[in-house]
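Engineer: Please see the structure below; I have some questions.
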Amino acid sequence: MEKQRIAIQDTYGERFQYCWGCGPKNEEGLHLKSYPSESGEESICKFTPESKYTGGVPKNLFGGMIAMIFDCHGTASAAWFKHRDKGLELTEDTVILRFVTARLEVDYRKPVPMDKEVTVTARAEEIGERKVILNMEMEVEGEVRARSKMVAVAVKDNM
């Protein structure tokens, strides 16, 4: 029997499900989804940008959107890597610890074309008590278009 894939964002607690980029309950949002890889060593997000997200250079994704994709995928990935580090799995009943961005560095290497599938892969560099450091790559058609490094921190329950 095939294991059911659960998006990390779908395990956020109720009050954390309204992000414009990745919140499953934001009616006008993009609904980005991040999934652990089979090995659990990576987290992957796939997205095809619509032409309305073009930047100053026609037919290419604007930089703010590239950063936003890294932001949403990175915080979801941090939650997954911390969850996995505790020896836990994603299930339909999981309410995962929520992470937010403390620092995000983006290296824009090549234009990201519109209307082509974008794949973002995240790997944990360091997993601490409340902090996860990630390295991410954004690829289109097998070419790395952007790289990012993120420091994500766990949200306190009373935030």
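The values are calculated or read from the model by the stated rules, or taken from the named source; none is laboratory data. It should be emphasised that the depicted structure is a prediction, and the values quoted were computed from it without experimental measurement. Neighbour counts are summed over all protein chains in view; Cβ atoms, including those assigned to glycine, are modelled from backbone coordinates with ideal geometry. All accessible areas refer to the heavy atoms of the entire protein, side chains included, with ligands and DNA or RNA removed. Shrake-Rupley method; radii C 1.70, N 1.55, O 1.52, S 1.80 Å.
Engineer: Apply the Karplus curve 6.51 cos²θ - 1.76 cosθ + 1.60, θ = phi - 60°, to the phi angles in the stretch 144-151 and return the couplings in whole Hz, x for Gly and Pro.
Structural biologist: Karplus values, whole Hz, x for Gly and Pro: 6, 9, 7, 10, 8, 10, 10, 10.
Engineer: Sorted by accessible area (1.4 Å probe), largest first, how do Trp20, Trp80 line up?
Structural biologist: Trp20, Trp80
Engineer: Follow-up. Return the Rg/Rh value of the chain, two decimal places, where both radii are evaluated on C-alpha atoms and Rh is the Kirkwood radius.
Structural biologist: Rounded to two decimals, Rg over Rh is 0.96.
Engineer: Leaving ligands, DNA and RNA out of it, work out the accessible area of Asp71 with a 1.4 Å probe and give it in Å² to the nearest 10.
Structural biologist: Per-residue accessible area (Asp71): approximately 50 Å².
Engineer: Roughly how much of Ser34 is accessible, in Å² to the nearest 10, using a 1.4 Å probe?
Structural biologist: Roughly 0 Å² of Ser34 is accessible to a 1.4 Å probe.
Engineer: Okay, moving on. Along the Cα-to-Cβ line of Tyr53, 7 Å from the Cα, sits a label point; which residues in the stretch 113-131 have backbone N less than 17 Å from it?
Structural biologist: 113-122
Engineer: Tabulate in residue order the Karplus-calculated ³J(HN,Hα) for the stretch 102-112, using 6.51 cos²θ - 1.76 cosθ + 1.60 with θ = phi - 60°, rounded to whole Hz; enter x for Gly and Pro.
Structural biologist: Result, rounded to whole Hz: 9, 8, 9, 10, 10, 10, 8, 9, 8, x, 9.
Engineer: Right, something else. If eta is 1.002 mPa s and T is 20 °C, what Stokes-Einstein diffusion coefficient results for the stretch 79-133, Kirkwood Rh from Cα pairs, in µm²/s?
Structural biologist: Roughly 153 µm²/s, to the nearest whole number.
Engineer: Still on this structure: Report, by chain and number, residues whose modeled amide H sits under 5 Å from the one on Val112, excluding near sequence neighbours (fewer than 5 apart, same chain).
Structural biologist: For Val112, whose amide H was placed from the backbone, the distant partners under 5 Å are Leu61.
Engineer: Report the label-to-label distance for Lys131 and Asn26 in nanometres (one decimal), using points 7 Å from each Cα along the Cα→Cβ vector.
Structural biologist: 2.6 nm
Engineer: Helix 63-85 versus the longest principal axis of the chain: what angle, 0 to 90°, nearest 10, using Cα atoms?
Structural biologist: 20 degrees
Engineer: Give the ranking of His73, His83 by solvent-accessible surface, highest area first, calculated with a 1.4 Å probe.
Structural biologist: His83, His73
Engineer: Over the stretch 1-106, what is the mean sequence separation of C-alpha contacts under 8 Å (at least six apart), divided by residue count, expressed as relative contact order in percent?
Structural biologist: Reported as a whole number, the value is 28 percent.
Engineer: Is it possible to state the helix-based mean residue ellipticity at 222 nm for the chain, with each DSSP H run of 4+ residues giving -39500 (n - 2.57), the sum divided by total residues, to the nearest 500 deg cm²/dmol? What is it?
Structural biologist: -5000 deg cm²/dmol
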